[in-house]
Amino acid sequence: MKRIIISTLIILSVLSCKKDHPVDGDGLLITPRQECYVSNFELLGADYVTVLTKQPVIDTTAQTVSVIVQFGTDLKNLFPQFTLATDCKLDPKIVGKVDFSDLANPKEYNVISGNRQISKTYKVLITVQPR
């Protein structure tokens, strides 16, 4: 009787550990959501204070994020912060300072939907405020 109870408990614990929800390579939950867009953007300087002069303009059709930064901003040491649609993820991941100094070649980020089947490439267009 004791063996049957222990065997039953082992089987139940194995079955309860079964993954009901798939995860991607980053350990993030894959959901059925197809939405895929940037909803907000912030750009911080080395002191973690915003360098933007006004709100970003996010164009979900053209897939661009346009910002104006303060004159004198160190474009080689910025921290971009994206707010994405629910369950989306960003590629490449932002793990530290980003160099935005090459204004002729905007940085590109892929926004990937919750179901991991839709990807949209957004360009971050930076303009430096004139003196």
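The values are calculated or read from the model by the stated rules, or taken from the named source; none is laboratory data. For clarity, every value in this text was computed on a predicted model and none was experimentally measured. Here Cβ is always computed from backbone atoms with ideal geometry, including for glycine, and neighbour counts include all displayed protein chains. In case anyone asks, the SASA skips ligands and DNA or RNA and just uses the protein heavy atoms, side chains included. Shrake-Rupley method; radii C 1.70, N 1.55, O 1.52, S 1.80 Å.
Identify all residues within the range 102-131 that are polar (S, T, N, Q) and in contact with a strand residue (DSSP E or B) (Cβ under 9 Å, 6 or more places away or on another chain); write none if there are none. Break it down into steps so the answer makes sense when it comes.
Filtering the range 102-131 for residues polar (S, T, N, Q) gives 105, 110, 113, 115, 117, 119, 121, 127, 129.
Those that are polar (S, T, N, Q) and in contact with a strand residue (DSSP E or B) (Cβ under 9 Å, 6 or more places away or on another chain): 110, 113, 119, 121, 127, 129.
Scanning the range 23-77 for residues that are open to solvent by less than 20 Å² (accessible area, probe 1.4 Å) and among the small types (Gly, Ala, Ser) yields one hit, 45. Of all the residues in the range 86-131, those that are more than 24 Å from residue 69 (Cβ to Cβ) and among the hydroxyl-bearing types (Ser, Thr, Tyr) number 3.
Here 124, 98 are screened, and the one residue that is at pLDDT 95 or above and farther than 21 Å from residue 59 by Cα is 98.
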